[in-house]
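The values are calculated or read from the model by the stated rules, or taken from the named source; none is laboratory data. Bear in mind that the values here come from a model prediction, so they are computed numbers and not experimental data. Reconstructed Cβ throughout: ideal geometry from the backbone, glycine too, with neighbour counts over all protein chains shown. Ligands, DNA and RNA are stripped out before the accessible areas are found, and what is left, the full protein with its side chains, is counted by its heavy atoms. Shrake-Rupley method; radii C 1.70, N 1.55, O 1.52, S 1.80 Å.
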Amino acid sequence: MITADLAGLLDGHLRRRPEAVACRTAVAVTYEELARLVDDTAAALRRTGVRAGTRTVVLVPPGPDLLAVVFALLRLRAVPVVVDPGLPPGQLRSCLAEAAPEVFIGIPLAQFARVVFGWGRGSVRTSITVGPRRLWLGTRPHRPRTPGCDPVYEPGRADDMALLAYTSGSTGPPKGVPLRRRHLLPLLRMLSDSAAIGPGTRMLSTFPPFAMAAPLLGATVVCPDIDPRRLDRASPAVLVDDIRRHGVGALFAAPALLDRLARYCLARELVLDSLNVVLTAGAPLSPAALDRVRGFLKPQAVAYSVYGATECMPVSTIGCGELAATAAATNSGAGTCLGSPLEDAQVRVIAVSDEPIDRWSDDLLVAPGTVGEITVTSPAVSDPYLHRPDATALARIADGDQVVHRMGDLGTIDAQGRLWFAGRKAERVRTEHGDWYTDHVEPIFNTVPGVHRTALVGVGAAPAQRPVLVVEPDHGTSRRERARIRADLLALAQQQPHTAGLDDVLFHRHFPMDVRHHSKIRRHVLAAWAAHRLKANDRRAHPDDLSGDGGAR
Ligand SMILES: Nc1ncnc2c1ncn2[C@@H]1O[C@H](COP(=O)(O)OP(=O)(O)OP(=O)(O)O)[C@@H](O)[C@H]1O
């Protein structure tokens, strides 16, 4: 049974299957070996003063060392601060200034960056380097006799703070999200129930925090040789090799990386037949990408898109069969189906507003089928943001003794109770004739041959913005091809009432994406670029010269 005593979960697997492999990198580490590492690490951390509640930054790549540190912190009931290592150094510094960690654990490169960029300056009192020889402040602690069973550790409680996780900062600066142990249980239960991750499963996750869940469920975590800071550069060949070599049964990858893997497999007619389940999250999985993903799976395998956010994970899941069945609707502008809300998650859609809402009232609800903001009440909803009362006021509604979380996403609920994604609230385009929703528009245009992806952005001040479609063409597209694509897009726009007002198409070589998943388009960055570009084009009266940042592909 999954309980809030997460360290106890790990110990349970150790007692039942000490010889089972907990982690696979170049070497295999068994549960027994992992437990010893955790014991050593916990003892060393305790000697440096790490206690329940100590905020600790961990910048260590996935592998046994990271598992040892994270599970040792769990055992001590300390609080890991989870921040994307791929953030620009200045943004990472701001996150750490806000989180005020007392302890900084990192590999030598992270320690070097800490000193150079001033990460945690003013709050960090202990820094610990995880090196090739695993030196803890130059000393090696004593080993407790029975690994995993040291009686000095208290079992974790549901209300203990588990971690401080930062959002990906796709729509503004990343926000600190305090998560208690009980907030994590719905995710663990979903992984165990829907995705069937359990003893014996070999799981590979390209998102390290999800990889940490595998040993808690008795599974083996396979750590791929990729840089989590640069997922856009992760090699599909390396992933394929790891999946095959280790017989990976469960894979998590964000949509963009999953699609790159799928394209790689498609070109080589590869089927990854060890995979039973594939999970993705972070952004919609487009119908075309889904088709390609199904191409590398055996027929019995399932792919799920999981919908949720740092503040509330998960909200709903949808399997590949249902996603495929709703693909035609997506391609004609209905949005992306996110599936039915999970048990325990109450999802309601309210009228769109950019203002705080203090109290819940059923008057906030929109009629079924009408686009509004998605709200969630669930045991997974986190505590309020760290030190951000304004952001919290915009994201929370009090409803008696419950808290309603505003997802900042737009969507609808259909007659079957399924949730549909329409785009992010902050990225809606507000024209004189009404609002345009990114996920009601982009999928239509993404079907045009030669288009890699599109982004709808608004230029000018709301509510009189000019809708602009920015296009990232397939690699190597010629100028003539671009002219054809533009003509096709504009013709397609005329076929749908909700896109008929589109007159502007710009080509951009390579979209700016979020650092966590490289799957969310940073539309506000593109909007600023588009405004600049349109102004330049208007000045030159040369609208066909649509070269993107540094020239179109
Ligand atoms: N399966 C999915 N389909 C569509 N969108 C998804 C899915 N899963 C997550 N998302 C998007 O990701 C968002 C959550 O992202 P995350 O918590 O990483 O930070 P963020 O909201 O992007 O960060 P910030 O608030 O700093 O901009 C959701 O609100 C939603 O927009």
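At 37 °C and 0.692 mPa s, grab the translational diffusion coefficient of the range 200-285 from Stokes-Einstein with a Kirkwood Rh over Cα pairs, rounded to a whole number in µm² per second. Walk me through the intermediate numbers first.
Working: Rh = 12.9 Å.
Approximately 254 µm²/s, per Stokes-Einstein.
Testing the spin-label approximation: label points 7 Å from Cα along Cα→Cβ at Q346 and A158. State their distance in nm.
Between Q346 and A158, the simple spin-label model gives 1.7 nm.
Roughly how many whole Å is it from the C-alpha centroid of the range 511-536 to that of the range 86-135?
29
Could you tell me what percent of the accessible area of the range 29-74 is made up of carbon and sulfur, with a 1.4 Å probe and every protein chain present?
Details: 640 of 1250 Å².
The nonpolar share, carbon plus sulfur, comes to 51 percent.
Which values of log₁₀ I(q)/I(0), to two decimal places, follow from the Debye formula for the range 254-386 at q = 0.10, 0.12, 0.15, 0.18 Å⁻¹ with a uniform point scatterer at every Cα?
Computed log10 I(q)/I(0) values: -0.41, -0.57, -0.82, -1.05.
Count the DSSP beta bridges whose two residues both fall in the chain, then state the antiparallel fraction as a percent rounded to the nearest 5. Each step should come with its number before you reach the end.
Values: 49 of 83 bridges.
About 60 percent, rounded to the nearest 5.
Accessible area per residue of the range 31-113 at 1.4 Å probe, in Å²? If you can, show how the numbers build up before the last one.
Values: 2500 Å² over 83 residues.
Ligands and nucleic acids excluded, the figure is 30 Å² per residue.
Protein chains only, probe 1.4 Å: how do D225, D435 rank by accessible area, largest first?
So the residues, ranked largest to smallest area, are D225, D435.
Just read off the accessible area of L251 with the full protein assembly in place, 1.4 Å probe, to the nearest 10 Å².
0
If all Cα-Cα distances of the range 308-390 are sorted into 10 Å bins from 0 onward, what percent lands in each bin, rounded to whole numbers?
Reading upward from the zero bin: 14, 38, 36, 10, 1.
Under a point-charge model restricted to the Cβ atoms of Lys and Arg (+1) and Asp and Glu (-1), what is the dipole moment magnitude of the range 151-217 relative to its Cα centre, in debye to the nearest 20? Walk me through the intermediate numbers first.
On the way: 7 positive and 4 negative charges, 19 e Å.
Here the size comes out at about 100 debye.
Specify which residue in the list L92, P449, V404 is farthest towards the positive end of the charge dipole of the chain, using unit charges on the beta carbon of Lys, Arg (+1) and Asp, Glu (-1), about the Cα centre.
Farthest along the dipole direction, towards plus: L92.
Run the numbers for A26 and R51: contour at 0.36 nm per residue of separation, minus the present Cα-Cα distance, in nm. Mind dumping the intermediate values first?
Values: separation 25, 0.36 × 25 = 9.00 nm, distance 3.24 nm.
Contour length minus the Cα-Cα distance gives 5.8 nm.
Just read off the accessible area of E427 with the full protein assembly in place, 1.4 Å probe, to the nearest 10 Å².
Solvent-accessible area, nearest 10 Å²: 20 Å².
May I ask you to compute the full-extension gain from H510 to L490, defined as 0.36 nm times their residue separation minus their alpha-carbon distance, rounded to one decimal in nm? Show your work: numbers first, answer last.
Values: separation 20, 0.36 × 20 = 7.20 nm, distance 2.11 nm.
Full extension of this stretch gives 5.1 nm more.
Using the alpha carbons of the range 427-525, what is the convex hull volume per residue in cubic angstrom, as a whole number? Could you put the intermediate results ahead of the total?
Working: hull volume 9.3 nm³, N = 99.
Convex hull of Cα atoms, per residue: 94 Å³.
Ranked highest first by the average count of other Cβ atoms within 10 Å around their residues, in what order do 104-111, 351-358, 270-277 fall? Before the final figure, lay out each step's value.
Working: 104-111: 19.1, 351-358: 12.5, 270-277: 17.6.
Per-residue mean Cβ counts within 10 Å order the peptides as 104-111, 270-277, 351-358.
Towards the positive end of the charge dipole of the chain, with charges on Cβ (+1 Lys, Arg; -1 Asp, Glu), say which of F252, P384, V505 has the farthest Cα.
Projecting each Cα onto the dipole axis, the largest value belongs to F252.
Taking all protein chains in place and a 1.4 Å probe, what share, in percent, of the accessible surface of the range 344-493 do carbon and sulfur account for? Walk me through the numbers before you get to the answer.
Details: 3380 of 6600 Å².
Solvent-exposed carbon and sulfur of the range 344-493 make up 51 percent of the total.
Using bins 5 angstrom wide from zero, how does P(r) for the range 31-72 break down, in % of all Cα pairs?
Distribution as computed: 6, 24, 32, 25, 12, 2 percent.
Nearest 0.05, what FRET efficiency do D399 and A324 give at R0 = 30 Å with Cβ-Cβ as r?
Values: r = 36 Å, r/R0 = 1.20.
Efficiency at R0 = 30 Å is approximately 0.25.
Which value, in debye to the nearest 20, gives the size of the charge dipole of the range 141-261 about its Cα centre, when Lys and Arg are +1 and Asp and Glu are -1 at the Cβ? Mind dumping the intermediate values first?
Working: 15 positive and 11 negative charges, 21 e Å.
In debye, rounded to 20, the range 141-261 gives about 100.
Compute the length gained on full extension between D503 and A415: take 0.36 nm times their separation in residues and subtract their Cα-Cα distance, giving the result in nm to one decimal. Don't jump to the answer; show the numbers that get you there.
Working: separation 88, 0.36 × 88 = 31.68 nm, distance 3.41 nm.
Taking 0.36 nm per residue and subtracting the Cα distance, the gain is 28.3 nm.
Using the charge dipole of the range 167-321 (Lys, Arg: +1 at Cβ; Asp, Glu: -1 at Cβ; taken about the Cα centre), state which of S192, C320, T280 has its Cα farthest towards the positive end.
With unit charges placed on the Cβ atoms, the residue in question is S192.
Suppose we keep just the alpha-carbon trace of the range 65-105; what are its Rg and Dmax in angstrom?
For the range 65-105, the Cα radius of gyration and maximum Cα-Cα distance read 11.4, 32 Å.
Note down the Stokes-Einstein diffusion coefficient of the chain in µm²/s, whole number, using a Kirkwood radius over alpha carbon pairs, 25 °C, and 0.890 mPa s.
Numbers: Rh = 24.6 Å.
Value of D from the Cα-based Kirkwood radius: 100 µm²/s.
For the range 417-452 and the range 267-321, what is the centre-to-centre distance using only Cα atoms, to the nearest Å?
So the two Cα centres are separated by 21 Å.
Given a 1.4 angstrom probe, what's the average accessible area per residue across the range 189-250, in square angstrom? Spell out each step's value before the answer.
Details: 2190 Å² over 62 residues.
Averaged over the residues of the range 189-250, the accessible area is 35 Å².
Label points 7 Å out from Cα along the Cβ direction at R125 and E269: separation in nm?
6.5
So with the 1.4 Å probe, I'd like the accessible area per residue for the range 401-553, rounded to whole Å².
Working: 6790 Å² over 153 residues.
Using a 1.4 Å probe on heavy atoms only, each residue of the range 401-553 averages 44 Å².
Calculate how steeply helix 31-47 sits against the longest principal axis of the alpha-carbon atoms of the chain, using the helix alpha-carbon long axis, and give the answer as 0 to 90 degrees to the nearest 10.
Taking Cα atoms only, the helix is inclined about 80 degrees.
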